[in-house]
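> The structure that follows is given in the form of structure tokens.
The values are calculated or read from the model by the stated rules, or taken from the named source; none is laboratory data. Here the structure is a predicted model, which is why all the values come from computation and not from measurement. Positions of Cβ are backbone-derived with ideal geometry, glycine not excepted, and every protein chain shown enters the neighbour counts.
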Amino acid sequence: MIFETSFNGKNITILGTAHVSEESARQAQDLINTLKPDTVCIELCESRYHAIRNKQKWQETDIVQVIKEKKAFFLLSNLILTSFQKRIADKFEIKPGEEMIRAIETGESIGAQIHLVDRDIRITLSRVWHAMGLWSKMKLMFQMLLSLGDVDEIEAADIEKMKQEDVLETLLAEIGKSMPELRAILIDERDAYLSQKIKDAPGEKIVAVVGAGHLPGIREKWETEQNIEALEILPPKTRMSEMMKWLVPAFIVGVFIAGFFYGGASVGKDMIVYWLMASGLLAGLGAVLALAHPLTILASVLAAPITVLHPLIAVGWVAGLVEAIRRKPKVKDFEDLGEDILSIKGFWKNKITKILLVVVFTNLGASIGTFVAIPLMLKTLF
């Protein structure tokens with residue numbers, strides 16, 4: 001799929017490709033060699049570009065810093081997406097993102113400037129996460145973990161269908177049906193972003209290589225000026241979300257006080273037991289599901305009832321740090337990461353991904369525990 005157009009005197013050719021297609025890789029190489037553009041635009045952001053070009057970059061990851069900066073979910077999501085794409089690529093004997101690699105190498109060989117035109121994956125995932133409630137976040141994690149299953153059912157003919165979709169859209173298809181706002185973030189916003197970044201690329205002759213699923217949206221938005229800065233803004237925390245961080249703990253403490261005041265020590269004690277069991281045990285269950293170290297499981301159970309009441313600390317942060325200390329990742333874990341993410345067993349075996357799973361699962365467990373505990377406490381009170 002090719003879209004030939006112009007903008008401000010620039011001749012622009014946009015090639016739509018499948019991200020796991022040898023034919024697409026050849027098309028990208030042939031088109032660049034034929035047109036010899038001044039600039040080659042690539043549907044990659046800085047982080048994904050460096051991941052493709054610098055295979056050793058994972059070894060520089062500070063997993064403790066990732067946990068402290070609350071980026072565990074985003075790193076885990078990125079690894080799952082990489083796994084999904086790489087396993088399909090391996091099945092059809094092509095490197096993941098081969099058409100992008102081939103376009104970059106071909107562009108460099110003819111002296112063209114390489115211009116990255118996709119939005120940072122972290123911004124996209126942050127905007128997705130911000131748009132979702134707790135239940136949708138749970139569905140998202142479940143959907144993404146399901147993608148770790150076998151890809152044997154995917155046939156060569158299915159690649160044609162994948163040409164019409166984005167990898168993120170493919171993974172989140174089920175959630176997208178009930179949450180159309182996700183499509184706006186995953187696809188529509190990125191179509192707008194890609195179209196403007198391609199138009200802003202330097203040079204008089206430009207070739208852009210993008211996923212075919214984005215091509216219709218780019219064409220639709222081509223004549224409209226897009227606000228890049230607005231599309232790059234991380235979603236601000238709403239006043240309500242900031243208030244809820246404090247109101248929920250305050251409400252729970254208020255229920256405890258009311259229980260002791262109106263119901264006496266017996267009712268208050270029962271409420272505390274419900275709270276400790278629901279929040280602690282479900283957080284611990286999350287750690288168990290991640291196959292965490294026994295001390296991590298214990299830390300999750302003990303920390304959850306306290307951290308849920310503290311708006312600035314999450315149980316996943318505590319559990320992840322304990323797991324990182326008890327099972328500190330070694331150089332081999334970073335070296336094996338590219339292979340380990342190709343299977344469910346590998347995700348649970350590799351110490352890096354295990355730590356990320358611990359953070360995410362214990363946080364989800366504690367959140368569910370809160371919603372389980374509150375009705376039980378109120379029932380005891382009334």
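> Going through Ala250, Ala258, Ala290, Ala265 one at a time, which residue ends up being in the same structural domain as Val358 (by TED's automatic domain parsing) and either under 12 Å from Ile374 (Cα atoms) or buried (at least 20 other Cβ atoms within 10 Å of the Cβ) (or both)? Give the steps one after another, and end with the answer.
On the way: Ala250 fails: either under 12 Å from Ile374 (Cα atoms) or buried (at least 20 other Cβ atoms within 10 Å of the Cβ) (or both); Ala258 fails: either under 12 Å from Ile374 (Cα atoms) or buried (at least 20 other Cβ atoms within 10 Å of the Cβ) (or both); Ala265 fails: either under 12 Å from Ile374 (Cα atoms) or buried (at least 20 other Cβ atoms within 10 Å of the Cβ) (or both).
Exactly one residue qualifies, and that residue is Ala290.
> Specify the residue that is farthest from Gly97 (Cα to Cα); the eligible residues are those in the stretch 11-38 that are part of a strand (DSSP E or B) and touching a helix residue (DSSP H, G or I) at 6+ places or on another chain (Cβ under 8 Å). Talk me through it step by step, then tell me what you get.
Residues of the stretch 11-38 part of a strand (DSSP E or B): 11-17.
Filter once more, keeping what is touching a helix residue (DSSP H, G or I) at 6+ places or on another chain (Cβ under 8 Å): 12-17.
Numbers: Ile12: 22, Thr13: 20, Ile14: 17, Leu15: 14, Gly16: 13, Thr17: 10 Å.
If we take residues in the stretch 11-38 being part of a strand (DSSP E or B) and touching a helix residue (DSSP H, G or I) at 6+ places or on another chain (Cβ under 8 Å), then Ile12 is farthest from Gly97 (Cα to Cα).
> Need pairs with beta-carbon distance below 8 Å; first residue at pLDDT below 90 and within the stretch 291-312, second of a type in the set (Lys, Arg) and surrounded by fewer than 24 Cβ atoms within 10 Å (Cβ to Cβ); sequence gap 6+ or separate chains.
Matching pairs, first to second residue: Pro311/Lys245.
> Among the numbered conditions (1) at pLDDT 85 or above; (2) surrounded by fewer than 24 Cβ atoms within 10 Å (Cβ to Cβ), tell me where Val331 comes up short.
Checking Val331 against (1) at pLDDT 85 or above; (2) surrounded by fewer than 24 Cβ atoms within 10 Å (Cβ to Cβ), the one that fails is (1).
> For the stretch 102-120, give me each residue that is surrounded by fewer than 20 Cβ atoms within 10 Å (Cβ to Cβ) and either assigned to a helix (DSSP H, G or I) or polar (S, T, N, Q) (or both).
Glu105, Glu108, Ser109, Gln113
> Moving on to the next point. Among the candidates Pro375, Pro305, which residue alone is over 22 Å from the mean Cα position of the chain (by Cα), of a type outside the set (A, V, I, L, M) and surrounded by fewer than 17 Cβ atoms within 10 Å (Cβ to Cβ)? Step through it out loud before you land on a result.
Numbers: Pro305 fails: surrounded by fewer than 17 Cβ atoms within 10 Å (Cβ to Cβ).
Unique residue meeting the criteria: Pro375.
> Name, by its number, the condition in (1) in a loop (DSSP other than H, G, I, E, B); (2) under 22 Å from Lys245 (Cα atoms) that does not hold for Leu376.
In the conditions (1) in a loop (DSSP other than H, G, I, E, B); (2) under 22 Å from Lys245 (Cα atoms), Leu376 misses (1) alone.
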